[in-house]
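The values are calculated or read from the model by the stated rules, or taken from the named source; none is laboratory data. Everything quoted here is computed from the prediction, not taken from an experiment. All Cβ positions, glycine included, derive from the backbone under ideal geometry; neighbour counts span all protein chains shown.
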Amino acid sequence: MQLIGMLDSPYVRRVAVSMHWLGLPFEHRPVSVFRQYAEFSAINPVVKAPTLVCDDGTVLMESGLILEYLESLANTRLWPAPGAARLQALRATGLALAACEKTVQIVYELQLRPPEKQHAPWLERVRGQAEAAFDALETELARTPWPRQAQRLTQAGVSAAVAWSFAQRMLPGQLSAARCPHLASFTDWAETLDVFTRAPMD
Ligand SMILES: N[C@@H](CCC(=O)N[C@@H](CS)C(=O)NCC(=O)O)C(=O)O
């Protein structure tokens with residue numbers, strides 16, 4: 001299998017970390033959706049990262065769907081057993097993905113649009129949404145701390161840590177650890193795990 005996309009994309013990185021955790025071997029091809037558009041387009045004309053090229057040549061996209069397929073191959077899941085813990089993990093993962101989406105929108109607005117075409121009310125809106133998602137994640141973690149054991153990592157832990165690291169990298173100084181201390185501390189721990197260090201952001 002080939003995982004296509006740069007690890008500075010939180011969506012690519014959550015898939016890469018999950019693949020390591022699931023023990024699925026893969027070739028990572030760090031092709032950029034921006035700087036290597038033509039090369040990416042030859043693999044997936046939709047040019048979405050992550051793209052997974054399966055062993056039979058099927059091309060998948062959308063990180064959640066890719067993870068669903070990968071979990072079927074690994075015959076295990078990065079989710080708690082059905083019940084209250086699963087529900088909490090689904091909520092936290094949704095918040096992490098929303099935080100990623102809003103952070104990406106800020107980055108696109110600031111980096112892809114010329115300054116005179118940037119729309120301040122839109123930026124303010126998505127910044128508020130990103131902050132709301134991170135604040136809600138912080139509330140979840142403060143209420144029910146996640147276990148710091150590699151074997152008890154869940155998709156919520158992977159996605160939340162990837163989202164926080166991504167925002168720290170892309171919006172330096174804008175979301176302080178003091179605002180989300182539980183999330184920042186959990187991320188510091190997660191980033192030391194083998195499954196994370198094998199999928200570095202740069
Ligand atoms: N919902 C998608 C989001 C993927 C996404 O937006 N990826 C970005 C890179 S971070 C991308 O492909 N951008 C290029 C584009 O949308 O044209 C997922 O979970 O995979």
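Some observations on this one:
- Just one of the listed residues (Ala98, Ala136, Ala49) is free of Cβ contacts under 8 Å to residues at least 60 places away in the same chain, in contact with a helix residue (DSSP H, G or I) (Cβ under 8 Å, 6 or more places away or on another chain) and within 19 Å of Ser176 (Cβ to Cβ), namely Ala136.
- For the range 53-65, a residue qualifies if it is closer than 20 Å to Gly94 by Cβ and either assigned to a strand (DSSP E or B) or without any contact (Cβ under 8 Å) to a residue 40 or more places away in the chain (or both), and the qualifying residues are Met61, Glu62, Gly64, Leu65.
- Scanning the range 1-52 for residues that are of a type in the set (A, V, I, L, M), under 21 Å from Tyr108 (Cα atoms) and either more than 8 Å from the ligand (Cβ to nearest atom) or part of a loop (DSSP other than H, G, I, E, B) (or both) yields a count of 9.
- Subset tally (residues that are among the small types (Gly, Ala, Ser), more than 15 Å from the ligand (Cβ to nearest atom) and under 17 Å from Arg14 (Cα atoms)) for the range 73-110: 3
- The requirement of being surrounded by 21 or more Cβ atoms within 10 Å (Cβ to Cβ) and modelled with pLDDT of 95 or more is not satisfied by Ala142.
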